Ligand SMILES: [Zn+2]
């Protein structure tokens, strides 16, 4: 039987995504052997992150200041919004370094199977932005999946009547692939090759 403090650390680590019992044990043993200061810094960094990060009230991206630096940057093109499912997708596109518009994080995509409906996602705030920021184009950058498709169709039907051009990135990924794991070149090509949604 493991000492209670070690067992407790392992139990908490197994709550993290992709970490099973064996990985949690390995991490806990690694941390146990690390210098105490390093472990304290890790714990403090996690708490600081949790305390300081919030959602941008405009685009829903994660940020320490509201509005986020991207929404505040007036050198960026306000007429183009890239719509993504999660903040990690925006981070991936931003890291690719070519996109100069702004983002809107939906918070997922429509999924009848998972019970996610339009009211669960950030569509209403996007609607407001389209009107208040004179948006001319929405680039839909959902992941290639059945739910991503359904979300793209919904957005096209809802926002095109508002006079906005709706385009979809040409990701060239198989169904089930994710933006988050695509490299910078692939994301750049995907944005360049975007097409109007029918
Ligand atoms: Zn923002």
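Would you point out which residue out of 169, 81, 139, 91 is buried (at least 20 other Cβ atoms within 10 Å of the Cβ), within 14 Å of the ligand (Cβ to nearest atom) and closer than 25 Å to residue 189 by Cβ? Break it down into steps so the answer makes sense when it comes.
Details: 169 fails: within 14 Å of the ligand (Cβ to nearest atom); 139 fails: within 14 Å of the ligand (Cβ to nearest atom); 91 fails: buried (at least 20 other Cβ atoms within 10 Å of the Cβ).
After applying the criteria, what remains is 81.
Considering each residue of segment 57-68, count those that are under 12 Å from residue 90 (Cβ atoms) and more than 6 Å from the ligand (Cβ to nearest atom), and give that number. Before you say what the answer is, go through the steps one by one.
Of segment 57-68, the ones under 12 Å from residue 90 (Cβ atoms) are 59-63, 68.
Right, trim to more than 6 Å from the ligand (Cβ to nearest atom) and you get 60, 62-63.
Counting residues in segment 57-68 that are under 12 Å from residue 90 (Cβ atoms) and more than 6 Å from the ligand (Cβ to nearest atom) gives 3.
For the structure I just gave you, tell me whether residue 109 is under 25 Å from residue 159 (Cα atoms), more than 12 Å from the ligand (Cβ to nearest atom) and surrounded by 12 or more Cβ atoms within 10 Å (Cβ to Cβ).
Details: under 25 Å from residue 159 (Cα atoms): yes; more than 12 Å from the ligand (Cβ to nearest atom): yes; surrounded by 12 or more Cβ atoms within 10 Å (Cβ to Cβ): yes.
Taking the combined requirement at face value, the residue satisfies it.
How many of the residues in segment 14-60 are free of Cβ contacts under 8 Å to residues at least 24 places away in the same chain, farther than 30 Å from residue 103 by Cβ and either touching a strand residue (DSSP E or B) at 6+ places or on another chain (Cβ under 6 Å) or outside any loop (DSSP other than H, G, I, E, B) (or both)?
So the count comes out to 19.
Need at least 3 residues that are modelled with pLDDT under 95 per element, so show me which helices (runs of 4 or more DSSP H) inside segment 68-177 make the cut, counting only ones lying wholly within it. Full working, then the answer.
On the way: elements: 69-72, 87-96, 123-132, 146-159.
By residue number, 87-96, 123-132, 146-159.
Within segment 48-56, can one find any residue that is buried (at least 19 other Cβ atoms within 10 Å of the Cβ), within 16 Å of the ligand (Cβ to nearest atom) and closer than 22 Å to residue 164 by Cα?
Step one: of segment 48-56, the residues buried (at least 19 other Cβ atoms within 10 Å of the Cβ) are 56.
Next, only the ones that are within 16 Å of the ligand (Cβ to nearest atom) stay: 56.
From what is left, the residues that are closer than 22 Å to residue 164 by Cα are none.
No, segment 48-56 contains no residue that is buried (at least 19 other Cβ atoms within 10 Å of the Cβ), within 16 Å of the ligand (Cβ to nearest atom) and closer than 22 Å to residue 164 by Cα.
The values are calculated or read from the model by the stated rules, or taken from the named source; none is laboratory data. What you see is a predicted model; the values in this text were computed from it and never measured. Neighbour counts are summed over all protein chains in view; Cβ atoms, including those assigned to glycine, are modelled from backbone coordinates with ideal geometry.
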